[in-house]
1. Go through the range 335-386 and give me each residue that's outside any loop (DSSP other than H, G, I, E, B), under 25 Å from residue 409 (Cα atoms) and either open to solvent by 50 Å² or more (accessible area, probe 1.4 Å) or of a type outside the set (S, T, N, Q) (or both).
2. Name every residue in the range 734-762 that is surrounded by 14 or more Cβ atoms within 10 Å (Cβ to Cβ) and part of a loop (DSSP other than H, G, I, E, B), in order of residue number.
3. Hey, among 709, 721, which residue is in a strand (DSSP E or B) and more than 27 Å from residue 208 (Cβ to Cβ)?
4. Which pairs do you get when a residue that is more than 21 Å from residue 27 (Cα to Cα), found in the range 760-777, comes within reach of a residue that is part of a strand (DSSP E or B) and among the acidic types (Asp, Glu), reach meaning Cβ atoms under 6 angstrom, with the pair 6+ apart or on two chains?
5. Would you check which residues across the range 392-419 are outside any helix (DSSP H, G or I) and open to solvent by 30 Å² or more (accessible area, probe 1.4 Å) and list them?
6. Enumerate the pairs (first residue in the range 485-505 and modelled with pLDDT of 90 or more; second residue anywhere and assigned to a loop (DSSP other than H, G, I, E, B) and open to solvent by 90 Å² or more (accessible area, probe 1.4 Å)) with beta-carbon separation below 6 Å, excluding pairs fewer than 6 apart on the same chain, so at least 6 apart or on different chains.
7. Condition test on residue 521, is it open to solvent by less than 20 Å² (accessible area, probe 1.4 Å), in contact with a helix residue (DSSP H, G or I) (Cβ under 7 Å, 6 or more places away or on another chain) and either β-branched (Val, Ile, Thr) or assigned to a strand (DSSP E or B) (or both)?
8. Please determine, by comparing only the residues of the range 582-623 that are among the hydroxyl-bearing types (Ser, Thr, Tyr), over 30 Å from residue 520 (Cβ atoms) and assigned to a strand (DSSP E or B), which one is most open to solvent (accessible area, probe 1.4 Å).
Amino acid sequence: MRRTLLFLFMTILSVATYAQSISGTVIDAETGDELIGASVVIVGKTMGTITGTSGNFEIGNATTPCTIEVSYVGYKTITMDIKSGLSNIGTISLNPSSMGLQEVVVTGTMDIVRDRRTPVAVSTIGLAEIQAAGGNVEFPELMKNTPSIYVAGQAGGFGDSEVFTRGFDQTNTAFLLNGQPINGMEDGKMYWSNWSGMSDVATAIQVQRGLGSSKLAISSVGGTTNIIMKPTSQKKGGSVAYTLGNNAYHKVTASYNTGMINDKFGVSVLLTHWQGDGWAEGTKGQGQNYFVSAGYKLNENNTFNFILTGAPQWHDQNFNSRITDHYEADGSFNIKQNGNWGTLNGEQMTSRRNYYHKPVANLNWEHTINDKSSFSTVLYGSWGRGGGTGGIGSSSNRKFTADGQWDFDAIVAANKASAAPGGDGKEYVLRGSVNNHSWYGAVGTYENQISENVSFSLGADVRSYRGAHFREIIDLLGASAYSQRGTARFPDGREITKTFEADPWSAISNYAALENRVDYSNDETINYGGVFGQVEYANDAISAFVQGALSSQSHVRFELQNELEANEKSEKVVNPGYNVKAGASYALNSNNSVYVNTGYYSRQPFHDNIYLNFSNTVNPVTENENIFGLEAGYKFESNNAVLNINAYRTAWNNRTTTSTINEGDTIQGVAFPNGGFINLSDVNQLHQGIELDARVKINNMFTIKGFGSVGDWKFNGDAVSDTYDDERNLVSSVPSLSIDGINVGGAAQTTAGLGIIIKAAKGLKFDVSANHYSRLYSNIGYSENELELPAYNLVDLGATYSYSMNNGQILRLRANIFNVLGEEYISRATSSEAASTTDADNWNGVNKRNFVTFGTTRTWNVTLKYSF
């Protein structure tokens, strides 16, 4: 009897369930780095958590046995069976799948590609890579090791980089922040200086090339870049970090997480301060970054997350200049030359400073309706304040030293003489060109799993934007006032004495009222509304989808200087738009799959192309742009290797563009001594090419990755050309300008990269990458003199050492050297002067009269981070 009872007791124990906590650590299988923000959930339950700063997680009051699912953006999702009574499951290794062709899963309002099939060409940059390449490297540089991505212009100053995707500039690549569109609504531009803190607060960056997976009717001609910010941490802890870099760069970062209090509420906070002298001469910069994320779990079906972030900054700028300007009086070549700065009373001063502060707030709500349907939404707002400085006034009082630098002391003396009795009453001062805006929007998505294989989603996207553009006086430079000429609103002119600071913090509230504005002042309102939907079918072998979106965009312009108040409001322009996308993938077997997708866009023109010559006059030739894309690809994936091949063809027709004419250029036989701009309409482009990327894990020590892309990007047919001088007067009009066959410039059409990651010992790894760029053309579309720039190669080195302490704290040291060989190269050009027959007049085969931006030579940074 006693043996029988003992047997029954042991049997009951063997099948019993246990309520306990489940803990462990999630790491990158290749690098050994802890993955912060990985999702760990119990399958079939609502219980789950996110890994903290050390990759650790803990799910309290869990019932075992159970099955957990571990996932992270850019990595293969895995499931694990947890036995009864097991509490600490140790280390869980996730393998990267960032180069895969994967299916789209909507996480909230974010169209994120994860570990399922979908017909999209995608690359995901994970947290470990973001942290490794951060520091004094600009955010766009994190994307350079992906096919068909080209980054130019970092030498212009902190935050002045530009990203090209498949040859399309960033006005035609959609950038999303947690599902929120962040391209400028007026012109589609991206100013990375406004987002200088993204490398600190991003948990992943996903680059979707081509028409992409986003359901929104956005400017994704070249692709869509989704920046995913850190969620509210589930675990209590924090970190402090210090970065030292070239040219006196310093950065201090501190963060703290409360963890989830009573499993209901938590807050994560991050603060950063940085400053440096910049790579080029006279490109100092300074800024801060703040990030606050607060999460609240109302119940099992409703969660909220609020984020507030901003990156106030100022940086002195280095613009395109002629190559001849980079030669000193003694004939020596100075690649870091910058003609925008000088001294005043012995202190460094610049004529060109960018200053901006753009707080961004968004509120995400995730609502689970039942086991088959859900609703998610994001409400967002941003409030941009700031601008850029430059000179204005009488050019006779603009003075330079013998070596070409600004002589601010001489300018002050000339201004004082002009203001003195008997003076000419002319002055030259510094102005600020202000671009303020207030932007509000909402995106909501409803999803429903109709059956095991079929799902659909519906949503809406609404935005309202108000922008203000004007100039104000920053520094009178010794003058008693600035004499503003008469305008329609102020016919008698004005004497402006009030000045404002070129400072991102004061610019939030302290800027010129209408009566203190100079040169120009105009506002606009842009309202946008759209609906979108998707139907998706998936089984074990086939995945297919159809997407569609309809939108309407309205524009009103307000001219506050050159029109009387009664006539300040322009005609309202309303443009409808739409897009349709479809695609399918087929799994040939467990290792091989193929896909195809296609899409058509009818995209509304940007606001700046709707109104002629910076006036309220509507441009009669501006119409919707038409984009047709076709893409196909192949994927091989095994446990140790991933290979992708993509082919694409994108036709972009009926464009309207505006380009700058450099001082001294001759366009269509007309000289522009002070520069100007050119409007092209009815522009057609064709972009096609092939991309390859691969990753191979040789063993636990070595991983090799590489990519290559070959593009063929050209203009087609003729265009209508209108040129204007620097005073915005029409100079010439050509109804049929031949641009057929001219290569699209700005980005290298051939790129390749090879990298190796070496895990030398526990906690120690090295990485090296070598990139090649060629077939790079000057970024113009109005000249028959096509200019191809010299090819170049860059080599980067990095090393990371992580030391884990017994109490879960981590000390990490990271060092980077970029362009270790110090190669000198041109990263972009904005003119096309043919090479001279005299070698002395050329630089590496490029005529020295061309306007160019050189790339940065050798730079470096070292970061020490302590996580607790």
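1. Scanning the range 335-386 gives 341, 342, 343, 344, 347, 348, 349, 353, 355.
2. 739, 742, 744, 745, 746, 747, 748, 749
3. Result of the check over 709, 721: 721.
4. These pairs meet every condition: 769/796; 777/788.
5. Once the filter is applied, which keeps residues that are outside any helix (DSSP H, G or I) and open to solvent by 30 Å² or more (accessible area, probe 1.4 Å), the range 392-419 yields 393, 398, 399, 400, 401, 402, 403, 404, 407.
6. These pairs meet every condition: 486/492; 488/564; 493/485.
7. yes
8. 586
The values are calculated or read from the model by the stated rules, or taken from the named source; none is laboratory data. Bear in mind that the values here come from a model prediction, so they are computed numbers and not experimental data. Cβ: placed from backbone, ideal geometry, glycine included. Neighbour counts: every protein chain shown. With ligands, DNA and RNA removed, areas are computed over all heavy atoms of the protein, side chains included. Shrake-Rupley method; radii C 1.70, N 1.55, O 1.52, S 1.80 Å.
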